[in-house]
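What follows is a set of notes on a single structure, which appears directly below.
The values are calculated or read from the model by the stated rules, or taken from the named source; none is laboratory data. Remember, predicted model here, so these are calculated numbers, not experimental data. Cβ atoms come from the backbone with ideal geometry, glycine included; neighbour counts cover every protein chain shown. Accessible surface areas use protein heavy atoms only, side chains included; no ligands, DNA or RNA. Shrake-Rupley method; radii C 1.70, N 1.55, O 1.52, S 1.80 Å.
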Number of protein chains: 4
Amino acid sequence: MATHYLTEEVQGRYHYTVGPYAAPVLRVRPGDRIVVETQDAFEGKIADATARPSQAVQYPFVNPQNGPIYVEGASRGDALVVRIESIVPRGPQPRGTTCLVPYFGGTTATETTAMLHEPLPEIVRKVEVTETRIRWNDRLTFPYRPFIGTISTSPQIDSIGALTPGNHGGNMDLPDVCPGATIYLPVRVDGALLYLGDCHAIQGDGEVCGVAVEHPTHTTIAVDVRKEWPLSWPRLENDRFIMSIGSARPMEDAARIAYADLVKWMVSDYGFDKWEAYLVLTQVGLARLGNMVDPNYTIGAGIAKEYL
Amino acid sequence: MATHYLTEEVQGRYHYTVGPYAAPVLRVRPGDRIVVETQDAFEGKIADATARPSQAVQYPFVNPQNGPIYVEGASRGDALVVRIESIVPRGPQPRGTTCLVPYFGGTTATETTAMLHEPLPEIVRKVEVTETRIRWNDRLTFPYRPFIGTISTSPQIDSIGALTPGNHGGNMDLPDVCPGATIYLPVRVDGALLYLGDCHAIQGDGEVCGVAVEHPTHTTIAVDVRKEWPLSWPRLENDRFIMSIGSARPMEDAARIAYADLVKWMVSDYGFDKWEAYLVLTQVGLARLGNMVDPNYTIGAGIAKEYL
Amino acid sequence: MATHYLTEEVQGRYHYTVGPYAAPVLRVRPGDRIVVETQDAFEGKIADATARPSQAVQYPFVNPQNGPIYVEGASRGDALVVRIESIVPRGPQPRGTTCLVPYFGGTTATETTAMLHEPLPEIVRKVEVTETRIRWNDRLTFPYRPFIGTISTSPQIDSIGALTPGNHGGNMDLPDVCPGATIYLPVRVDGALLYLGDCHAIQGDGEVCGVAVEHPTHTTIAVDVRKEWPLSWPRLENDRFIMSIGSARPMEDAARIAYADLVKWMVSDYGFDKWEAYLVLTQVGLARLGNMVDPNYTIGAGIAKEYL
Amino acid sequence: MATHYLTEEVQGRYHYTVGPYAAPVLRVRPGDRIVVETQDAFEGKIADATARPSQAVQYPFVNPQNGPIYVEGASRGDALVVRIESIVPRGPQPRGTTCLVPYFGGTTATETTAMLHEPLPEIVRKVEVTETRIRWNDRLTFPYRPFIGTISTSPQIDSIGALTPGNHGGNMDLPDVCPGATIYLPVRVDGALLYLGDCHAIQGDGEVCGVAVEHPTHTTIAVDVRKEWPLSWPRLENDRFIMSIGSARPMEDAARIAYADLVKWMVSDYGFDKWEAYLVLTQVGLARLGNMVDPNYTIGAGIAKEYL
């Protein structure tokens, strides 16, 4: 079990679209560990509070992704198993960035929820992030609760923008994708082609303004392959629960995907009758709103392991 | 501070629509406590596992509500303050009911998400409910986590079906409306006209099949009036957080309502700047999916009191 | 076959909610004709271009409805048949009104699609409306294409705000509800209790700003009863096509309702196989976007009679 | 002005994803005409009524596209102008195909509107298509009303599945994209990289079952470049109206995009004040439901030229 270092230098150019058309930057084997130098979602271009996001960042060159990482032995129909071991902030302080981006967010007109309003103001906030806390201002301190905002395997023939979550994973912005969790992603091309980036120091449910406390990190993962476990949508597991993850619009479709896939999972792997699973989830299902801001919204639906 | 008993006998006919057209069954004063004998959502008509919900229950005569309760001194523009003191199951065992109802639920075609599929099967499950637990089957036991599924003040001139949540409260199916919590409801007519019912012994996020563990209860509440606090949507408070509650379709609108109202609340009552509130909620906001099955979906958006 | 005159005087107070709680203003028999003096949607309160809609009109006292009209012999499970004979503008010029209302419309934040934007500007436009044309400005003239914006039978026990369309009809804002058309509405209470109002001099598909050219009229209808024809949703017929009308959010649900009901109608009344109807509608179905601005959106789905 | 022939032989492999990663099959100049041999959406694999679509076609290898066609002189920020000159059916009879595909369609559970229902039946229908009519069955004949279902320019860095419509065009399934119309598409990479295919012999509004009368064709287009006309979304023009085309979920977002873009277009090119355009469209706007079945729904919003 080797440990690989996917440094900025090894990475070279980061990617803003997730697909089968980029050459792998790393080849690893099942069981290997990888330490990844992730960039923040703006690639460090929002230097201080005077920056204007609409000028500093040129769409679609946002949300830079590390990878693709080729995992030996992963074939279409398998699942890629990614255990998230740790996330540690890196870079000079203040290394946390959040902001309001014009026509982006959960309670603003956007490109697709198109309206005739002028955009909300552009506001940038830079904050200090340590391994334990985020100093929001003189009064407020938030705990450091890091997770991977965007993690994907490659689609079979499409290449999907790094801002978009879908059945390949992507920009789910789901706080459960954190150290201690294992995420399962569908393998659709040889080698799986894993991409990741966009770590958040903390994020509320829904990521309502659209920008969490973005920060560059050293993120350590271990990868494995579960053979012949075809997934329609990403799944996740930790000590407490299992979770299926849906990304779609409208938001109810994300919830439907997540709960329907979880029923399927309970039936195939845990011996539940289909209707029994449906009834049980009605009583003890757990739903987490990941994002309400990206091109698809993300909801995870889970169940505590004690009920399985 | 008097205690009133809204027994089945005092109630007489239950209500299936929430509005200003029914005569009050009780008049109380701010500070009073009321012990309410609620029915289950099927009014006890689903007697055993052989019942067919589509035959036992005739829409719109579902989800029976106690009330209306007239609260002296409550006027349009005030908020009705309802503290939930306790919920205790009542009636003969097995007193818990859940089931699959044709064309009702979160992952089925419905009357409005109309499709050409045949309905899912009708399945009824009766379970024992005590003050501490629910015996699901030989293998599984769920904790008793009761809450009020439906609680409303009267709309000004409309009368809204007891199955529908909205800005008057209604069938929110939000597990946070539980003992220890205080819910704030908009007063739109003299006396507020409080309705409640539909207590759940436990429910998962989203109530995915549409029917939680329904059960009859003794529910004890205390009511108060906060003068001149006009609310657009219901709000809630407990020891840990404050929460705004949105009910709408599509589901993202429920989330938008909840977060936008919470921003407004943080600005008006907690001294936040509007954009600061928006940015803070992005990092530490809490979202709860109440229901994904009713005529409107319900999401609560909250923030821990330590950040206020 | 009598002709009744539902003048302003006979009407007395107009209604802003549609339900079984108001006393009938008129009793008619199947086959009778009724000439109705409708008000405009603002009840004439927007007198000139200097008015501010947010001040002139106090929600929920908008969209005044004539009725209820009790139709002898109509019982639950029947359909009310309303043939629209003519719509003629009345009142002093300029008698047409359109405007921008804060937080109301199709491309603006609203109460339910809640956002942090300031409202769009309030703008009022008064226009001359004759029986043939609408003088928009010096350059533009629109044809007079009148229809009934809001027409309903009473729900069984609910009372629904006059702004809301639903399976009772309501504020569908569907231009096909015009002279020459016959609309079928579900009868849910004895006498059907017909309400109508909100005539538009012209309206584009979707009524995008939310306010068509509103105007007071003499609207002439003839009513009839089709016994034992239980309708889930309103239907419509004219010389060219039959149409089912769905009102819901999100908009796809309105379209699903309309097409699914039309399949049902083609099967029950026109001898189609279910899947054949589905395939035929895929090739020659007609969809009309009524409104994209009301509490529910409305879509009519139709098929030309030549294919039946 | 040359005429190019993009035959099956010149095309070679068709494409199932639309992006910048495929080599151009043709280079043309502004003003040139191209005759394209399009395949039907199933690439001819549904040979007769006994075929099962779920077996004959393997997702994502559906909806084969011709192209990419490199248009000299087209640069990012320009608009590609495509005039549709004619569409003529080709291939042996019966050359029209429609069918029900499991979990695909407007009134069925789908991969994203995920439900617990079994799929609707798979049904295939082959029909004769001539240049004037479609022989549906012994009783019914439909007129031949051909249009291009899928037409796109390349995204900048993403590659989007041929089933998905978006701001690059794509699988809009909009009947207005027919002979006599000119469609404007945003140029995002050098040469525009035009893809097209998926011609329909006829289609109803919304394409409710998801499969129109698909057929192979000779489609003749002429291309041009409008320099420095950056488009956010596709636009269309014919003798009667101009139209903006939105594709999104939920469906109201497609309508919002279309109307908001049309307001913008009326302001920039036709001298309208923004609010005036909004008010005028409310009275005379035209909306067309393209599809209610694809990964995004499509609505076109237009206005008759007489009002410009």
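Can you give the mean number of other chain Cβ atoms that lie within 10 Å of the Cβ atoms in peptide D:242-250?
Mean inter-chain Cβ contacts per residue within 10 Å come to 4.
Can you give me the long-range amide H partners of B:Gly285? Hydrogens built in the peptide plane at 1.01 Å from N, cutoff under 5 Å, separation of 5 or more residues or another chain.
Result for B:Gly285 returns A:Gly204, A:Asp205.
Would you mind classifying region A:71-223 by shape? Square roots of the alpha carbon gyration tensor eigenvalues, ordered a ≥ b ≥ c; an a/c under 1.5 is rounded, otherwise it is prolate if a/b is larger than b/c and oblate if not.
The shape class here is oblate.
Using C-alpha positions alone, give me the convex hull volume of chain D per residue in cubic angstrom.
It comes to 135 Å³ per residue, whole-number rounded.
For the interface of chains A and B, what total accessible area is buried with a 1.4 Å probe, rounded to the nearest 100 Å²?
Buried: approximately 4500 Å² between B and A.
Taking just the alpha carbons, could you work out the radius of gyration and Dmax for region C:43-86, both in angstroms?
17.1, 48
Need one word for region D:30-153: rounded, prolate or oblate. Basis is the Cα gyration tensor (sqrt eigenvalues a ≥ b ≥ c); a/c below 1.5 gives rounded, then a/b vs b/c decides.
oblate
Using only alpha carbons, build the gyration tensor for the protein assembly as shown and give me the equivalent ellipsoid semi-axes, biggest first, whole Å.
Ellipsoid semi-axes (Å, largest first): 43, 40, 30.
Check each of the GluC sites (Glu not before Pro) in region A:220-279 and keep only those in coil by DSSP with at most 11 other C-beta atoms within 10 angstrom; list them in order.
Loop-located and lightly packed - A:Glu228.
Can you compute the FRET efficiency between D:Arg33 and C:Asp138 using 1/(1 + (r/R0)^6), with r the Cβ-Cβ distance and R0 = 35 Å? Round to the nearest 0.05.
About 0.25, to the nearest 0.05.
For region B:14-84, which semi-axes, largest first and in whole Å, follow from the square roots of 5 times the eigenvalues of its Cα gyration tensor?
31, 14, 9
Choose one of A:His200, A:Gly19, A:Ala248: the residue whose Cα lies farthest towards the positive end of the charge dipole of chain A (beta-carbon charges +1 Lys, Arg; -1 Asp, Glu; about the Cα centre).
Sorting the options by dipole projection puts first A:His200.
Accessible area of region D:96-193 with a 1.4 Å probe: how many percent of it is carbon plus sulfur?
48 percent
In angstroms, what radius of gyration and Dmax does region A:140-258 have, counting Cα atoms only?
14.2, 48
Residues of region D:102-132 losing 50 Å² or more of accessible area relative to the isolated chain, 1.4 Å probe, heavy atoms only?
Output list: D:Thr107, D:Thr112, D:Thr113, D:Ala114, D:Met115, D:Leu116, D:His117, D:Leu120.
Show which lysines lie in cross-link reach of A:Lys45 when reach means a straight Cα distance below 23 angstrom and same-chain residues fewer than eight apart are skipped.
A:Lys126
Using DSSP to define loop residues, name the trypsin sites (Lys or Arg not before Pro) in region C:11-55 whose beta-carbon has at most 11 other beta-carbon atoms within 10 Å.
C:Arg13
At 0.36 nm per residue, minus the direct Cα-Cα distance, what do B:Val88 and B:Glu131 gain on full extension? Give it in nm, one decimal, please.
14.8 nm
Using just the helices of chain A, give the 222 nm mean residue ellipticity in deg cm²/dmol: DSSP H runs with n ≥ 4 each add -39,500 (n - 2.57), and the total is spread over all residues, rounded to 500.
The per-residue figure over chain A is -3500 deg cm²/dmol.
Taking chain D as a Gaussian network, Cα atoms linked when under 10 Å apart, which of D:Thr182, D:Thr38, D:Thr113 shows the biggest mean-square fluctuation?
It is D:Thr113.
Stick to Cα atoms and the Kirkwood definition of Rh, then tell me Rg/Rh for region A:105-150.
1.13
Compare each residue of region C:276-306 in its chain alone against the assembly with all protein chains, and report those whose accessible area goes down by 20 Å² or more; 1.4 Å probe, heavy atoms.
Those residues are C:Glu276, C:Tyr278, C:Leu279, C:Val280, C:Thr282, C:Gln283, C:Val284, C:Gly285, C:Ala287, C:Leu289, C:Met292, C:Tyr297.
Taking the radius of gyration and the Kirkwood hydrodynamic radius from Cα positions alone, what is the Rg/Rh ratio for region D:141-194, to two decimal places?
Ratio of gyration radius to Kirkwood radius for region D:141-194: 1.04.
Please give the average number of partner chain Cβ atoms lying within 10 Å of the Cβ of each residue in C:211-218, rounded to a whole number.
If you average over the peptide's residues, the count of other-chain Cβ atoms is 1.
Might you tell me the accessible area per residue for the protein assembly as shown, computed with a 1.4 Å probe and given in Å²?
32 Å²
Roughly speaking, what is the stretch gain from C:Glu306 to C:Tyr5, that is 0.36 nm per residue apart minus the C-alpha to C-alpha distance, in nm to one decimal?
Taking C:Glu306 through C:Tyr5 to full extension adds about 104.7 nm, to one decimal.
With N set to the number of residues, divide the alpha-carbon radius of gyration of region A:188-308 by 2.2 N^0.38 Å and report two decimals.
1.15
C:Glu85 label points, 7 Å along Cα→Cβ, one per copy: pairwise distances from this copy to the rest in nm, shortest first?
5.7, 6.4, 8.5
Sum up the charges of everything whose Cβ sits under 12 Å from the Cβ of D:Glu131, counting Lys and Arg as +1 and Asp and Glu as -1, but leave D:Glu131 out.
+3
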